[in-house]
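Please treat every number below as a calculation from the coordinates, not as lab data. Computed from a predicted structure; not experimentally measured. As a convention, Cβ positions derive from the backbone with ideal geometry for all residues, glycine included, and neighbour counts pool all protein chains shown.
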4 protein chains.
Amino acid sequence: MPKMKAAIFVEPGRIVLDEKPIPDVGPLDALVRITMTTICGTDVHILKGEYPVPKGLTIGHEPVGVIEKLGSEVKGYWEGQRVVAGAITPSGHSNACLSGCWAQDGVGTAHGWKPIGGWKFGNTIDGCQAEYVRVPDAMANLAPIPDGLEDEQVLMCPDIMSTGFGGAESGGIRIGDAVAVFAQGPIGLCATAGAKLCGATTIIAVDKVPERLAAARRLGADHVIDFSSADPVQEIMRLTDGRGVDVAIEALGTQKTFESCLRVLRPGGTLSSLGVYSSDLTIPLDAFAAGLGDHRIVTTLCPGGKERMRRLMSVIASGRVDLRPMVTHRFKLDQIEQAYDLFANQRDGVLKVAITP
Amino acid sequence: MPKMKAAIFVEPGRIVLDEKPIPDVGPLDALVRITMTTICGTDVHILKGEYPVPKGLTIGHEPVGVIEKLGSEVKGYWEGQRVVAGAITPSGHSNACLSGCWAQDGVGTAHGWKPIGGWKFGNTIDGCQAEYVRVPDAMANLAPIPDGLEDEQVLMCPDIMSTGFGGAESGGIRIGDAVAVFAQGPIGLCATAGAKLCGATTIIAVDKVPERLAAARRLGADHVIDFSSADPVQEIMRLTDGRGVDVAIEALGTQKTFESCLRVLRPGGTLSSLGVYSSDLTIPLDAFAAGLGDHRIVTTLCPGGKERMRRLMSVIASGRVDLRPMVTHRFKLDQIEQAYDLFANQRDGVLKVAITP
Amino acid sequence: MPKMKAAIFVEPGRIVLDEKPIPDVGPLDALVRITMTTICGTDVHILKGEYPVPKGLTIGHEPVGVIEKLGSEVKGYWEGQRVVAGAITPSGHSNACLSGCWAQDGVGTAHGWKPIGGWKFGNTIDGCQAEYVRVPDAMANLAPIPDGLEDEQVLMCPDIMSTGFGGAESGGIRIGDAVAVFAQGPIGLCATAGAKLCGATTIIAVDKVPERLAAARRLGADHVIDFSSADPVQEIMRLTDGRGVDVAIEALGTQKTFESCLRVLRPGGTLSSLGVYSSDLTIPLDAFAAGLGDHRIVTTLCPGGKERMRRLMSVIASGRVDLRPMVTHRFKLDQIEQAYDLFANQRDGVLKVAITP
Amino acid sequence: MPKMKAAIFVEPGRIVLDEKPIPDVGPLDALVRITMTTICGTDVHILKGEYPVPKGLTIGHEPVGVIEKLGSEVKGYWEGQRVVAGAITPSGHSNACLSGCWAQDGVGTAHGWKPIGGWKFGNTIDGCQAEYVRVPDAMANLAPIPDGLEDEQVLMCPDIMSTGFGGAESGGIRIGDAVAVFAQGPIGLCATAGAKLCGATTIIAVDKVPERLAAARRLGADHVIDFSSADPVQEIMRLTDGRGVDVAIEALGTQKTFESCLRVLRPGGTLSSLGVYSSDLTIPLDAFAAGLGDHRIVTTLCPGGKERMRRLMSVIASGRVDLRPMVTHRFKLDQIEQAYDLFANQRDGVLKVAITP
């Protein structure tokens, strides 16, 4: 039984590179040889034991690679084809999927819905920080990489770009909107870029790291606010002449940013929440107009599936957005424990790392 | 200067019937002689001092009446015409109105938006628990009563029906949806009726008052849950085979009902909130899938304006819904202090009172 | 190789009952033993040679039955389970499906889209006017029949009800809308019922057959117009005080009805088209306000997939709508040629026939 | 009674500059001194007698100017303020307006709807190719020009930009869409720019004039097709790998372009029509998939009102789009007859003219 290297969750605090058998493929699966992957903030939650996964699981949900083997029932692809798959891999045939709610895919449940059920890689099945990954429901999930695009150009598509753009889309951003984006980590930066692509004309990015604020400007922010030196709520209200923004995007996952989003919304505005929270949230009565402000709060789990990947790669191919500058560090798979150390501790101005087996 | 009787807010705990001058009309106003009005739960908040209004203000925002006088610039109406106006009276010309966000009408502000700004009657201008009321922006707000409809048939249109139906509409209820409605007071009952009109096929109504649960059944509930004898969250999950509802409507304004709504939502579901809250709200982490459940929380302030009133009266005229049974008690305007006493204390099975000058 | 009876397209003018092998099932398929099916107007188009299908194909796309055999990869069902499948059987994994456009499923094409590609039964693969049918992509398409519902109660779900309701839904019908439905055949009657379920309060049904107009009244029409004795455009404009309807539903497939829909639309209204047309259509300049009327024309192919079927059966189970009266005649499969003769010639007041093997 | 110069429709073929009294203002009006305006293709239709208007009417519906005088009831503005008003000037208070359908404003009708009723300037009331214009419902229609923007920068906002962008918005363009825009006159160029602002990543512009195709590239087209040397339908199908576009925008008003739009749509796609047609349209059966392709056809009349103008000017102010290059020729009001001659005959590469009194 041939072996491969994989980053495995051992226990809270320990993700290690170890050997595992190369996965078999069932009739609907594909085996993909990973050519590039990355580490996500969620993986750090897993590392820290804040998000529980089974011991022994291979971590990672952002695969770029080459088809190594196709299940007997998989049609329309060929071995050797360059592909990405989304972090979320919907079956396509659950009741949730057939309702257009692919990320909450409840395949295997009696009624077809499961919270966060579309997220399988590195959560409920082995992930892609490895030499190979088994992709379930391959026909729903494998998206060919357009000719001319390199791995690093599409590395953000599976999760970061899909999630960040999803925040802009779910917020219903329209031409001429004012939008605030709280936190300019990888997801927030993509939300900023997504807001611009949706037609927002006053985009206000909030963070405290100068490199991130500079990146936000490059990706579309019209104004940046360093929250360590100015109160972002006051600043945003000033920039919008006291009206507030049409859409506020939360891209961190804290009470502080969630609440600030509410405080800068105009009446009838939308809070688009992307963060993974780790404690209960409070909605302040005043910021919520006692429930009478026609506010909306929407949450978005990273949209997946091959059509989503196709669309995102078309954004890259069109040159509308270039996310390569987000890759600040590069590692071999053999060095992945170092990569986790750097990324988890946010050292050296790291935004995203590229991992190549 | 001719006088009229009016229910006036004196101080917390005291709304009294007193005399006031009959209002003048400006060029865009109309003077309406009230033929029937009612008391709203919000008026009780005002009475108790929980929602502040200026001392001396006439209370009441649910007018049914006859046009007594038209401002010089008001066209398309005649004196003697029977009309209703919504609780919310948008100007039609603020930036909020021209964005389709009429209830947050910011007429008079620099940027055109104001939280809850469309609610003027009995809040920022004199209301309609009186013999006469001045209706601002009459051309945007006066809706003729169709022939054949009596005052009591349209009495719920200005607020209760518009708000309750609005909860169903904002929830995006579709044919075949499962919907839970928490609390079956007047607003909740109308939300139940609205859910049925939108095509929901599993409607679950929660309350503890037997008469209200019976009324809920008549208006469309397929299942009723008495929360004093069963846990509504468990019951709703059982009734939906563990899946949860597509839309949960909050019609009370408490943490308990808000939280229960979240707990019975399927992934990707919508919490449609109608309640007027009086303290901060908590979103429990687990019920919110840590922010990853594709949930939506939407709030709705009573939609107003004459087109909304026209539509609601067409619902009544078509016989789709009969809300007359909601009027359980009738009073003369002279007895309004008694009416407040009965209604504020929820005595004698009161749902809504009709007040006739 | 075991045989079964099946209604087979031989050549234009001839659909005959003949013997065929019982189909095999592939890994993702299910074999369903038909317990009830029906004939659709589209089948008559096929019979007449107006819609081309391969010679030798089994006709029929409205299956109600029992699972006889499951493919090796099909999970979550059991043999002996009562099920329906939609007329449209999306794969769930094409780009069209993953865009929410299941009826245009382009599985097998390079880009994943194909016009009308979701319609397979009796069109591109063998259909269900037979003792058995092979259901492709079974996990996306088999919907268990709720306990207590009989075959005849759910017989309209696969096509007629899904299409008719789809016309109301695609039209964006809202509470208080005025809606006209042109033609009250099976699809039109379901559009009328769907309009009511969506909250329309002025529903105007047009036909000339008294039984159909009577059925329209029972299913929700507030007004009926016999076009053989009155001009429906004039009547509808009169009934709407010269304004026109918010939504007009075309349920026949002719220039006359299509054009009449446009002529009764208010500015900004929506023409929801369900008909299968057999020649080019003309949009009259005046009825289209020269392109400046903010009109919308939307077309809807019968929505399919198991979640759609689940929702429609929940409508039946809730008692909101009873479509059994639409079945006016019953035949054994052995008599299907007689059934075609009756149905194709619209004799004896036939609306829909039930066929039982 | 003071006089002013105005371009007046005399009879088909003759628009002349003549003298007229400076208009009075009613309580809700404003008098605006025009500082810049332009000629629209619709004005040429009027000139040619193809679109009938009353003899003696002042033509023009694209005003940029300064408030000269305010009606007695107009609040929130000051004399001397720089403003634009949209080509469409909704009242804000008709049933159409209160339905969000401002362009079909039926103020003055019994039911509140009128086809194209929001277009008043140079159609049903005197327009703005004059020294002064009376703006009705001033509070709904006057939008202050942001500091720093010159007249020529905002000259496209009242009509061309609002219409062109409206075509992209009504088409429901989303991130990653493929979009074709047929005709690259001023409206089509703005539709191209709007498609980019909405996130389209494959924008294909069709025209035959090299300057217009070059302008299309600058405003966002990824591909341009000269229809005089290539078949645009074939080319677009090739560029989309045989799939077709998600949205096709018609920006000319002919059968040929309308039909080509249908022919390049993917199943489930949207034809967004902006053209003013002058004869009946034909929908070819095959391009329409016999009514079963889930196609949508939407038409858009230029959105108006001050909030729309505010949003469009924010697009300009943000630098997202620069439409100044569209002004190819400049004239004094005294020379407007020459300007009409140039523009109506499309001489000298004219795109838009600027007229300054």
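The figures follow:
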item: Teacher prompt: A:MET1 distances to equivalent labels in other copies, 7 Å Cα→Cβ, nm; result: 4.1, 9.3, 9.8
item: Rounded, prolate or oblate (a/c below 1.5 giving rounded, otherwise prolate when a/b exceeds b/c) for region C:45-135 by Cα gyration tensor; result: oblate
item: Max mean-square fluctuation residue, GNM over chain A, Cα-Cα springs under 10 Å, options A:ILE116, A:ILE175, A:ILE249; result: A:ILE175
item: Mean Cα-pair separation over length for region B:62-135, i.e. relative contact order, pairs under 8 Å, 6 or more apart, %; result: 23 percent
item: For chain C, with +1 on Lys and Arg beta carbons and -1 on Asp and Glu, the positive-most of C:ILE336, C:PRO2, C:MET161 along the dipole; result: C:MET161
item: Given charges at beta-carbon only (K, R positive; D, E negative), |dipole| of chain B in Debye; result: 320 debye
item: Region C:210-245-region D:218-238 distance, computed between alpha-carbon centres (Å); result: 47 Å
item: Calculated FRET efficiency for the pair A:ASP280/B:GLU50, C-beta based, R₀ 22 Å, to 0.05; result: 0.30
item: Averaged over D:265-271, number of beta-carbon atoms from partner chains that fall within 10 Å; result: 6
item: Contact order relative to length of chain C, as percent, for alpha carbon pairs under 8 angstrom and 6 or more apart; result: 17 percent
item: Partner chain coverage, peptide A:277-289 - average Cβ within 10 angstrom; result: 5
item: Leading residue at positive end of dipole, region A:127-286 (Cβ point charges), from A:PRO267, A:LEU281, A:ALA183; result: A:PRO267
item: Inter-copy separations for A:LYS75, label at 7 Å along Cα-Cβ, nm, ascending; result: 2.3, 6.6, 6.9
item: Distance-filtered residues of region A:279-297 - backbone nitrogen under 14 Å, label point 7 angstrom along B:THR124 Cα→Cβ; result: A:293
item: Among the listed pairs D:LYS114/D:LYS306; A:LYS55/A:LYS120; B:LYS114/D:LYS120; B:LYS332/B:LYS352, those beyond 22 Å (Cα-Cα); result: B:LYS114/D:LYS120
item: Shape of region C:164-299, Cα gyration tensor, a/c cut at 1.5; result: rounded
item: Pseudo-label separations to other copies for B:GLN338 - Cα-to-Cβ vector, 7 Å, nm; result: 7.4, 8.5, 8.8
item: Hypothetical label at A:ARG324: residues of region A:154-179 whose amide nitrogen lies under 18 Å (7 Å Cα-Cβ projection); result: A:154-158, A:161
item: Cα-based radius of gyration of region D:241-357 once divided by 2.2 N^0.38 Å, which approximates compact folds; result: 1.39
item: For q = 0.07, 0.09, 0.10, 0.11 Å⁻¹, Debye-computed log10 I/I(0) when each Cα of chain B counts as one equal scatterer; result: -0.29, -0.48, -0.59, -0.72
item: Neighbour net charge for A:GLY13 - beta-carbon separation under 15 angstrom, K R +1, D E -1; result: -2
item: Mean separation of Cα contacts under 8 Å (6+ apart) over length of region B:165-299, as relative contact order %; result: 24 percent
item: Distance histogram for region A:134-228 (every C-alpha pair counted, 10 angstrom bins, percent rounded to whole numbers); result: 17, 40, 28, 13, 2
item: Neighbouring partner chain Cβ atoms per residue of A:138-147, average, 10 Å criterion; result: 2
item: Solution diffusion estimate, µm²/s, Stokes-Einstein, region C:140-196, Kirkwood Rh from C-alpha pairs, 25 °C, viscosity 0.890 mPa s; result: 198 µm²/s
item: About the Cα centre, charge dipole magnitude for region C:164-299 (Lys/Arg +1, Asp/Glu -1 at Cβ), debye; result: 240 debye
item: Where rotation carries B onto D, the chain B residue whose Cβ is nearest that axis, in whole Å; result: B:GLY92, 2
item: Largest-first ellipsoid semi-axes for the protein assembly as shown, taking √(5λ) over the Cα gyration tensor eigenvalues, angstrom; result: 46, 38, 37
item: Reach of A:LYS208 by Cα under 12 Å, taken over aspartates and glutamates that are not fewer than 8 positions away in the same chain; result: A:ASP226, A:ASP231
item: Neighbourhood charge, 13 Å Cβ-Cβ cut-off, centred on C:LYS48 and excluding it, Lys, Arg +1 and Asp, Glu -1; result: -3
item: Overall form of region A:1-92 per C-alpha gyration tensor (a/c, 1.5; a/b vs b/c); result: prolate
item: Burial ranking of peptide ranges D:36-43, B:317-324 (average Cβ count within 10 Å, highest at the top); result: D:36-43, B:317-324
item: Rounded to the nearest 20 debye, dipole of the protein assembly as shown from Cβ charges on Lys, Arg, Asp, Glu; result: 0 debye
item: Calculated from backbone phi, Karplus (6.51, -1.76, 1.60) coupling profile of region D:85-93 in Hz, x at Gly/Pro; result: 10, x, 4, 9, 10, x, 6, x, 10
item: Inverse of mean 1/r across different Cα pairs in region A:165-206, Kirkwood, Å; result: 9.6 Å
